[in-house]
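Structure, as structure tokens:
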Amino acid sequence: MNRQKIQIILVFVALLGLAASTAFAQSAKKKGYQAQIVKNGGTIVGVVHYDGPTPTPQRVDVKTKEDICHADPIYSEELVVSDDKEVQWAVVSIKGIRLGKPFAKPSEDKDKPTIDQIGCRFEPHIAVVGLGQPLKVLNSDGILHNVHTYSKKNRPKNIAMPGVIKETKLKFRRPEHIKVKCDIHPWMVAYIVVAEHPYYEVTDEKGAFELNDVPPGTYTLSLWHETLGQVTQQVTVKPGEEARVEFTLSAK
Amino acid sequence: MKVKNTSVTRKLILPLLLGASVAVILIVSACQRQSQTVSLAELSPIVAEGSRAYELFQNHCAACHGRQGRGDGSAAIALNTVPRDFWNEPFRYISTMDGVPTKEDLAFTIGSGRVHGEMPSGPWLSDEDISALSDFVLELNRLGWAERLREEFASEGMDESEIQEISQERVTSEEPITVPMPGPVFLPDMQRGRDLYLASCGSCHGSNGRGDGLDMPLDDLGRPISVRDLVSEPIQGGSDPVELFKRLRCGMPGTPMPSQSLLSDDDIWQLVYYTRFLMGQPLPTAGR
Ligand SMILES: [Cu+2]
């Protein structure tokens, strides 16, 4: 074999490698998130604060006749702020994370992503479901509700759930924050957060959240609230350590 | 005489001036609006100005639906029902479970004029024309989806290929549902029908079908919409059992009317016949 031939072959192999690696990079981009076992992960904990006068809870004027809608008073969950000015129902996520822990696989039925229609409310107000995973939609009330999604990236749906139907499932193809309403009880509003990776958390009544098993690195944290909008913040996670973040959302 | 004349001209001059200035304002604003509307040809060849479909649309549809199909035609205000804005609203008279009409659904709507109580569009359109118009309105719908996705998500990094992909998906229908004929022993049972009706429809259509069940219903664009009065209002999509079956099973996208995807075929048939009973339509009898 002469030199020239070897050179040609080498160039050829190099080109092949290049093609393969770009193809691989592209498929990785298409695939988005990749799950693996996270060793030495860190934790991100934080609180979402509210800047403004604490809003008074808004009691809903229930106009329909069904008894079950009058069993307990219903309050709007559009903006829920604690006495210490912490914001519940804000969604925290790590923006664009590509590698990390797998989605939780709850074995208990009650731990699976669920949204219930109970007492003429959606419970919880914000449900997080992994991309491609089923969301259980329950109707504990035994009266007619309709699950009307106002999705833009996913197919919009409007499903009747008569009282005899206790459960159905929904699946989503694209990550999105989807508004859900019931037309019969117009105060019934919820959000389905279709998560592209498991690093999504909804703040609790103390405005707190915790993301664990985060591979060490520097990330952008994204915070979304249905009326207060979206903000981001940088955070650096070190192996086995806890990174603290504070968010503040301003009154609109 | 002379005095009278001047007083008349004086009386006329103010309204004339006013009229003229209003006319100028109207013309100027019309020109501005004209320059603001996009050129369809730049967006898609299917809807390009000058194409056959475009011309047909201008001649037969634009009066209500607007020149670009945005639901803003000059005749729109005179109608009881708002003409569809093809850019921003989904289609309602469908036979699929994915919220998208098949081309046959659209052709049926356009050709039969059934949705168009006020306008028998069908008779003077050939099958080819109807097919071209179906493609036309579907493409406007796709462009509308793309427009909204771009507005909302481009800043979050959604790229043009994804916008194209999703908007295409939004107008691509799956197979239509097959409407399974009720079995030979099926008989409309008014008691069962009424029970099902009260459990699945009464909250909106009212216990007697008069469309009075909801307080302030809104469509997906947030505009007031009325729930169909099943007793006295025309059933736009057709009141024959097969069409009603589709309407109940598939729902009416863009409105509160949900799809009854979780009930059995037999239950839907009972509902179809109970609805027809409310409408005063004949019911099948044994041995049909
Ligand atoms: Cu409801």
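The length gained on full extension between B:LYS103 and B:SER126, counted as 0.36 nm times the residue separation minus their Cα-Cα distance, comes to 6.7 nm.
Kirkwood analysis of segment A:190-252, using all unique Cα-Cα pairs, places the hydrodynamic radius at 13.3 Å. With contacts taken as Cα pairs under 8 Å at a separation of at least 6 residues, chain A carries a relative contact order of 29 percent.
On the principal axes of its alpha carbon atoms, segment B:42-170 extends 47, 31, 29 Å, with the longest extent given first.
Checking the Cα-Cα distances for A:LYS136/A:LYS181; A:LYS95/A:LYS179; A:LYS39/A:LYS112; A:LYS110/A:LYS206; A:LYS101/A:LYS181 against a 22 Å cut-off, the pairs over it are A:LYS39/A:LYS112; A:LYS110/A:LYS206; A:LYS101/A:LYS181.
Estimated translational diffusion coefficient (Stokes-Einstein, Kirkwood radius over Cα pairs, 4 °C, 1.567 mPa s) of segment A:34-250: 70 µm² per second. Its Kirkwood hydrodynamic radius, worked out from the mean inverse distance over all distinct Cα pairs, puts segment A:115-205 at 13.2 Å.
Using a probe radius of 1.4 angstrom, the carbon and sulfur fraction of the accessible surface of segment A:34-250 is 48%.
Rounded, prolate or oblate: which fits segment B:164-288, taking a ≥ b ≥ c as square roots of the Cα gyration tensor eigenvalues, rounded meaning a/c under 1.5, else prolate when a/b beats b/c? Oblate shape, in that a/c is at least 1.5 and b/c is the bigger or equal ratio. Heavy-atom accessible area buried between chains B and A is around 2300 Å² (1.4 Å probe, both sides summed). Using a probe of 1.4 Å on the protein chains alone, the accessible area found for B:MET216 is around 140 Å². If you take the square roots of the eigenvalues of the alpha-carbon gyration tensor of segment B:198-258 and sort them as a ≥ b ≥ c, do you get rounded (a/c under 1.5), prolate (a/b over b/c) or oblate? Note, shape of segment B:198-258 comes out oblate. Across segment A:145-252, the volume of the C-alpha convex hull divided among the residues equals 150 Å³ per residue.
In order along segment B:196-213, the Karplus-derived 3J(HN,Hα) couplings, from 6.51 cos²θ - 1.76 cosθ + 1.60 at θ = phi - 60°, round to 5, 4, 5, 7, 10, 10, x, 4, 9, 7, x, 5, 10, x, 7, x, 10, x Hz, and Gly and Pro are given as x.
The values are calculated or read from the model by the stated rules, or taken from the named source; none is laboratory data. Here the structure is a predicted model, which is why all the values come from computation and not from measurement. These accessible areas exclude ligands, DNA and RNA; they are computed on the full protein's heavy atoms, side chains included. Shrake-Rupley method; radii C 1.70, N 1.55, O 1.52, S 1.80 Å.
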